[in-house]
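Have a look at the structure below before the remarks.
The values are calculated or read from the model by the stated rules, or taken from the named source; none is laboratory data. From a predicted model like this one, the values you see are computed outputs, not experimental measurements. Note that each Cβ is placed from the backbone with ideal geometry, even for glycine, and that neighbours are counted across all protein chains shown. These area figures cover heavy atoms from the full protein model, side chains too; ligands, DNA and RNA do not enter into them. Shrake-Rupley method; radii C 1.70, N 1.55, O 1.52, S 1.80 Å.
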Amino acid sequence: IYADPAKRLELYFRPKDPYCHPVCANRFPTSTMLLRVRRRSKKKQQMDTEEEIQPEVQFEMEILGIVTTVYKFQGMSDFQYLAMHSGPDGKQTSMYDKVLMLKPEKEEFFNRDLPLYIPPPIFSRLDTPVDYFYRPDIQHRSGYNNPQVSGENLIGLSRARRPHNAIFVNFDDEEIPTKPLDAAVQNWKKVCTNPVDKKVEEELRKLFEARPVWSRNAVKANISVHPDKLKVLLPYLAYYMLTGPWRSLWVRFGYDPRKQPEAKIYQVLDFRIRCGMKYGYAATDMPVKAKRSTYNYSLPITVKKQGSHTVSVHDLKQGLGSAGTSGAKKPPSSRYKLKESVYIFREGALPPYRQMFYQLCDLNVESLQKIIHRNDGTESECTERDGWCLAKTSDDLRDSMSLMIKQIIRSTRPALFSNTTSSEDGKEQLAYESGEDEDDEEEEEEDFKPSDGSENEMETEILDYV
């Protein structure tokens, strides 16, 4: 716990009970000393029988060290759930000997008939008391309508989601939009109140003129614009593809990539770095760290929370597009720009994350471009899975990119590959991190459902625009 400053120290009152909920201590910096104090008593010689003997007391103090970190238990204990069963007569019976396996048991132990026992995973999300101040009903402006609550979802939103009025298009849709929604135009006009915003709008228009399809990360790497303003600007100039080979990308209004074979180079490639013991290195040996991990999950009962970085409409109107507040370290021209590595793949460089979404034109490797352009001039049909490319093009690209990345890891950490032979390197076929065999992957190809789209985290970008 001490090695990770973000974790809390847990105290279990019943350490042997797996159903015991702990109390948690928060970590605080301090500047204190650890002292060792000794009290020594020495009896005086008795001079007079009538007087009591007063011992001579001496204190010795020694500084052992300096304490820089302290853990304070400031929260309350959570509810406790005991493994008990209530009988028909109301008598409580302990079930610990029936649900806890303390030693290897025979088959009869698992085939016994027991009452249903499902402990809750967590009781409280907070361990400190909070005062709830009842407020009067909110007075909305005229024309406001509460969000509709359907019978299937009785839990409504605390507030209506602020719409950014993006237009979503599926691969199967016949028509594509040629202009933005009126609400999207009004939203951008309301926010675009200074020359900096007008300059950003013009820069983004030039990007879409030079290249009709962009990912949001690619836009961020080419234009310095505040993310909250980009949410309003993108629906003003482009529509969003939900499914197909251009899924999760923004397309210029009036441009239909399904009818343009040259749009092949703008298709998206979902690439994930493959790792596993059969490749010679595990996930923990990867030079590229994951964005998030289930192993580092901490219970949501923390007292110390990071402050939210909310941006108000007033802040947006004050030119956060590129100017921002004074005193920032980065110059205004690049304050919000991302690095090119977030959307461009180059040979000899590792991706910044284990899962990346590249457009085919951003794979800056000659061998990869040869795979993409194998059928130039002979494109006959645009399919939802492969677009204008040949079948299995994405698989061939992933295999080549995985071998490049493995060579990089081999050069940086040769000890990981000390047991692998050179003959295996040329023949091995890398698979996904799940460890599936090639036969399993072929079966997955048959079960592919194009209408489902890509089930990855990049599609959560939709939530910013609905």
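Return the distance in nm (one decimal) between the two label points of a simple spin-label model at Ser31 and Glu381, each offset 7 Å from Cα along Cα→Cβ.
Between Ser31 and Glu381, the label points sit 7.5 nm apart.
Between Asp89 and His140, what length in nm is gained on full extension when 0.36 nm per residue of separation is reduced by their alpha carbon distance?
Fully extending the segment from Asp89 to His140 adds 12.8 nm.
Run the paramagnetic zone check for Lys42: 7 angstrom along Cα to Cβ, then residues of region 55-88 with backbone nitrogen under 19 Å.
Label zone hits: 55-62.
In what sequence, largest accessible area first, do Ile122, Ile408 appear using a 1.4 Å probe?
Heavy-atom accessible area, descending, gives Ile122, Ile408.
If you plug each phi of region 127-142 into the Karplus form 6.51 cos²θ - 1.76 cosθ + 1.60 with θ = phi - 60°, what whole-Hz ³J(HN,Hα) values come out, in order, with x for Gly and Pro?
Values, residue by residue: 10, 10, x, 10, 8, 9, 9, 5, 10, x, 4, 6, 8, 7, 5, 5 Hz.
Volume per residue, Å³, of the convex hull around the alpha-carbon atoms of region 354-412?
Cα convex hull per residue, to the nearest whole number: 91 Å³.
Per residue of region 347-354, in order, report the coupling 6.51 cos²θ - 1.76 cosθ + 1.60 (Karplus, θ = phi - 60°) as ³J(HN,Hα) in whole Hz, putting x for Gly and Pro.
Once rounded to whole Hz, the list reads 5, x, 10, 7, x, x, 10, 6.
Give me the one-decimal nm value for the distance between modelled label points at Glu366 and Asp172, 7 Å along each residue's Cα-to-Cβ direction.
It works out to 4.4 nm between the two label points.
Roughly how much of Thr68 is accessible, in Å² to the nearest 10, using a 1.4 Å probe?
Approximately 80 Å² of Thr68 is accessible to the 1.4 Å probe.
Can you list the residues of region 219-257 with backbone N under 17 Å from a point 7 Å past the Cα of Glu209, pointing along Cα to Cβ?
Under 17 Å, as judged by backbone N against the label point of Glu209, lie 223, 237-238, 252-255 of region 219-257.
With every protein chain left in place, what is the accessible area of Arg385 in Å² (1.4 Å probe, nearest 10)?
Rounded to the nearest 10, the figure is 90 Å².
With all protein chains present and a 1.4 Å probe, how do Trp246, Trp388 order by accessible area, largest first?
Largest accessible area first, the residues go Trp388, Trp246.
Testing the spin-label approximation: label points 7 Å from Cα along Cα→Cβ at Tyr353 and Lys7. State their distance in nm.
2.5
Arrange the residues Thr178, Thr383 by how much accessible surface each exposes, largest first, with a 1.4 angstrom probe.
Thr178, Thr383
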